[in-house]
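The structure under discussion appears below in the form of structure tokens.
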Amino acid sequence: MAIPPHGDAENGTALPQDLSHKNRDSADPALGHFSAQVISCEPDGKGTYVVLLDETAFYPEGGGQPADRGILGGANVLDVHERGESIAHTTDAPLCQGARVEGIVDWARRFDHMQQHTGEHIVSGIVHALYGLDNVGFHMGALVTVDFNGELTRAQLDEIERRANEAVWANLPVRVSYPSREELDTLDYRSKKELTGQVRIVTVPGIDVCACCGTHVAATGQVGLIHITDAQRYKGGTRLTLVCGSRALRDYAGKDAALSESGALLSAKMLEVPAAVERTLAELSRLRQEAASQRAALLEVKARETPRQEGNLLVFEEDLPPDALRQYAVLLAERCGGIAGALSSDGNGGLRYALASRERDVRPFVKEMNAALHGRGGGKKELAQGALSCTRDEARQFWTAQEGEAK
Ligand SMILES: [Zn+2]
């Protein structure tokens, strides 16, 4: 059964055999260790098995939160879903019907989900209270994203993060309740849809009240740290990417290592890396300009030293960028009566070209050369440029043949 985000009739109602409901909001790993009887085990036709138990501590996927993983009677639990009134476990091995089996929830994974999910409540509650925006989408996987139906500025994001972490430091209890219909009518809580039946309300006092079926930590201090790593415009609103708890620590450690490595490369202290990068880029730009002007001077000398000749002139020069190639062709056009061509390798096994002439229209020549040497490009009457898919020898042969025809 697909469960809409943050609760409805089914996921708001505690299923009779659903131990996971009892321990959804406790950080005690002992609660993920249980014993149960196998009601049924059927192959699902995909090489895996669907196991129903008389009771289970495994959390089934729902409310934007992925299912638990773990071990059941020695088999790996690959997925857990609600199926009607039952919770269906997908296992990689069959279990005997009627047998008593031991279940162990992968608690590190579960606790990670609890940290992320509780962090999401805190952030959503603060965004709602401060800026009146609603959480309209929640996804928890390798990344945790929360979508809000409005835009948030950088300053607002900073304020949200600050207040969210203050809520963590206050170590507020995360309370779960099942209010009556009458109580619900007077309760102001976040919910994505019209709820019917028993509703599960998760409260972080002073921060958030929300209808939710997911798993949460018992007190906000267990969330550890909340950090917004990214904010993007999304469907007219904002998509925030969050890291909480152990994920925030890993995020910090990873960035710390990256900055430390960058600092070592730049011989700069970590916090001085941006300034060092700026200096390095400025230096790079200055060196590029210097190299370009030296190359230009060198090409002028080379062109001057090229003997004057009557017909066409073809010259190969290693590793010239397009602008230098163009400049060289124009200089060489001064040294011949026909068309001057400057060719250089393009770094991908082909050739780049620039053609120039003082007297002839280069365009018909370019057209023919492109056709003969699988080229592309063009230009004006006096200057054209492009690329060829051929070897130097093939280019030279073409030029020699053209010369022959011209005579
Ligand atoms: Zn929740």
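The set of residues in the stretch 371-392 that are within 43 Å of the chain's Cα centre (by Cα) and of a type in the set (A, V, I, L, M, F, W, C) comprises Leu373, Ala384, Ala387, Leu388, Cys390.
So, in the stretch 286-316, exactly how many residues are more than 23 Å from Ser345 (Cβ to Cβ) and without any contact (Cβ under 8 Å) to a residue 40 or more places away in the chain?
First pass over the stretch 286-316, keeping only residues more than 23 Å from Ser345 (Cβ to Cβ): 286, 289-290, 304, 307-311.
Filter once more, keeping what is without any contact (Cβ under 8 Å) to a residue 40 or more places away in the chain: 286, 289-290, 304, 307-310.
Final tally of qualifying residues: 8.
For the stretch 194-201, the count of residues that are closer than 29 Å to Ser246 by Cβ and either at pLDDT below 95 or of a type in the set (S, T, N, Q) (or both) is nonzero. In the stretch 148-163, the condition of being assigned to a strand (DSSP E or B), within 12 Å of the ligand (Cβ to nearest atom) and in contact (Cβ under 8 Å) with a residue 24 or more places away in the chain is met by no residue.
Here's the yes/no breakdown for (1) under 17 Å from the mean Cα position of the chain (by Cα); (2) closer than 30 Å to Phe138 by Cα; (3) in the same structural domain as Pro179 (by TED's automatic domain parsing):
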site: Asp208; (1), (2), (3): no, yes, yes
site: Gly221; (1), (2), (3): no, yes, yes
site: Thr229; (1), (2), (3): yes, yes, yes
site: Gly236; (1), (2), (3): no, yes, yes
site: Val243; (1), (2), (3): yes, yes, yes
site: Ala248; (1), (2), (3): yes, yes, yes
site: Leu259; (1), (2), (3): no, no, yes
site: Pro274; (1), (2), (3): no, no, no
site: Arg279; (1), (2), (3): no, no, no
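What residue, of Ala108, Ala88, Ala75, Ala99, is surrounded by fewer than 17 Cβ atoms within 10 Å (Cβ to Cβ), more than 24 Å from Arg247 (Cα to Cα) and more than 16 Å from the ligand (Cβ to nearest atom)?
Values: Ala108 fails: more than 24 Å from Arg247 (Cα to Cα); Ala88 fails: surrounded by fewer than 17 Cβ atoms within 10 Å (Cβ to Cβ); Ala75 fails: surrounded by fewer than 17 Cβ atoms within 10 Å (Cβ to Cβ).
One residue alone meets the criteria, Ala99.
Close Cβ contacts (under 6 Å, 6 or more residues apart or on different chains) running from residues in the stretch 334-360 that are without any contact (Cβ under 8 Å) to a residue 40 or more places away in the chain to residues that are acidic (Asp, Glu) comprise Gly337/Glu310; Ser344/Glu317; Arg352/Asp346. Counting only helices (runs of 4 or more DSSP H) that sit wholly inside the stretch 314-407, those with at least 2 residues that are at pLDDT below 95 are 322-333, 392-406. Might you check whether a residue that is β-branched (Val, Ile, Thr), more than 21 Å from Arg69 (Cα to Cα) and under 24 Å from the mean Cα position of the chain (by Cα) occurs anywhere in the stretch 96-118? No, the stretch 96-118 contains no residue that is β-branched (Val, Ile, Thr), more than 21 Å from Arg69 (Cα to Cα) and under 24 Å from the mean Cα position of the chain (by Cα). Checking Val243, Val217 one by one, the residue that is of a type outside the set (Gly, Ala, Ser), modelled with pLDDT under 95 and either surrounded by 15 or more Cβ atoms within 10 Å (Cβ to Cβ) or over 28 Å from Glu151 (Cβ atoms) (or both) is Val217 and no other.
Could you list all residues from the stretch 116-139 that are within 14 Å of the ligand (Cβ to nearest atom), of a type outside the set (Gly, Ala, Ser) and buried (at least 19 other Cβ atoms within 10 Å of the Cβ)? Correct list: Gln116, His117, Thr118, Glu120, His121, Ile122, Val123, Asn135, Phe138.
Considering each residue of the stretch 210-220, count those that are outside any loop (DSSP other than H, G, I, E, B) and within 11 Å of the ligand (Cβ to nearest atom), and give that number.
Keep residues of the stretch 210-220 that are outside any loop (DSSP other than H, G, I, E, B), which gives 210-211, 219-220.
Now drop any that are not within 11 Å of the ligand (Cβ to nearest atom), which leaves 210-211.
So the answer is 2.
The values are calculated or read from the model by the stated rules, or taken from the named source; none is laboratory data. Every value quoted in this text rests on a predicted model; they were computed, and no experiment measured them. Methodologically, a virtual Cβ is constructed for each residue, glycine included, from the backbone with ideal geometry; neighbour enumeration extends over all protein chains shown.
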